[in-house]
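The values are calculated or read from the model by the stated rules, or taken from the named source; none is laboratory data. Since this is a predicted model, take the numbers as computed values, not measurements. With ideal geometry, Cβ positions are generated from the backbone for all residues, glycine too; neighbour counts draw on all protein chains shown.
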Amino acid sequence: MHQELEALRERLETLRAVRRGLLDLREWLQLAPTEPEELQLLEQEARDLHDRLDRLELETLLSGEHDARNALLSVHAGAGGVDAQDWAEMLLRMYLRWAERRGYAAEVLDVSPGEEAGIKSATVLVRGPYAYGYLKGEGGTHRLVRISPFDAAHRRHTSFALVEVLPEVEPVAVQIRPEELRVETFRSGGAGGQNVNKVETAVRITHLPTGLVVQCQNERSQHANRENALRILAARLYELRRREQEEKLRTLRGEHREAAWGNQIRSYVLQPYTLVKDHRTGQETGNAEAVLEGELDPFIYAYLRQRAEQESGAAGSRRG
């Protein structure tokens, strides 16, 4: 509830700021400026207001139950060995840069380093209004095509990584009994298997009824890692139960459900040409470097608009 109130408060403040900006712009125009510098400032102010209105419009599309919440984003290297692990690390950096661009706080809760390079997996908590609403469309398989920097023959390789996005939920939203948990501790490991901690601060928790396993090792204290691991477990259990309920409803309605886990949502081609393309919306750009530096908003906005149109169409069909 606190996150939803904060998000609404920020949206209201943005709306007030846009209104003040429009009034200022109107007064400025009434003075009929003619100097090039003044006209340039007016143009920049108009662009800024347009961007703010664009963002407000998008946030009206974020009306899902958990859209206003923080997001737990995990990246998992797929098949492809060291190339896939390097790709997973590139994606992690991309999302951290995106969060930084938007003014969100991003806390890396856990990282499992790869043997030679990159990472096997990582989990990040992204804090900020509508973090989950913006990031939810990033879940799925991301495909990279490039000349492998790890191949002495300089051949082209295709690598895959899976991104999982969950809303951060309140602990009370999911009942977790202590007797249902197996808690293990171990030393936090760095690249190459070197211990970065001489005491067992890392925590791995197994939820026995479901078999879900989560671990955290980035904090210096065992208590902090345990709290973060429980936070991730609560989100995954909540999502698991939500999916089960959806599946029951679909079965009762006789609906067919397409398997979504692991679907390829976006391709990133770095050689022999550069192109990033979203396979759901058709949104694409030749500036792959900018995307990998966190310029994801055009893809996120295109997905949100497409989803809103689909939901609007489905609602109209039901009314008809």
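Table for the structure above
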| item | result |
| --- | --- |
| Qualifying residue in segment 73-82 (condition: modelled with pLDDT of 75 or more, farther than 27 Å from GLY133 by Cα and not in a loop (DSSP other than H, G, I, E, B)) | yes |
| Residue count for segment 199-252, restricted to those that are touching an Asp or Glu at 6+ places or on another chain (Cβ under 7 Å) and of a type in the set (Gly, Ala, Ser) | 1 |
| Any hit, segment 250-265, residues being at pLDDT 90 or above, surrounded by 13 or more Cβ atoms within 10 Å (Cβ to Cβ) and in a strand (DSSP E or B) | yes |
| Qualifying position, being of a type in the set (Asp, Glu), farther than 30 Å from ALA17 by Cα and outside any strand (DSSP E or B), among ASP86, ASP110 | ASP86 |
| Condition met for GLN245 (modelled with pLDDT under 90, of a type outside the set (Gly, Ala, Ser), more than 20 Å from LEU58 (Cβ to Cβ) and part of a loop (DSSP other than H, G, I, E, B)) | no |
| Checking GLY114 against (1) at pLDDT 80 or above; (2) buried (at least 18 other Cβ atoms within 10 Å of the Cβ); (3) farther than 30 Å from ASP151 by Cβ, the condition it does not meet | (3) |
| Verdict on GLU65 being at pLDDT 75 or above and farther than 30 Å from LEU144 by Cα | yes |
| Those residues of segment 147-187 which are loosely packed, with under 13 Cβ neighbours inside 10 Å, touching a Ser or Thr at 6+ places or on another chain (Cβ under 7 Å) and in a strand (DSSP E or B), in sequence order | ARG182 |
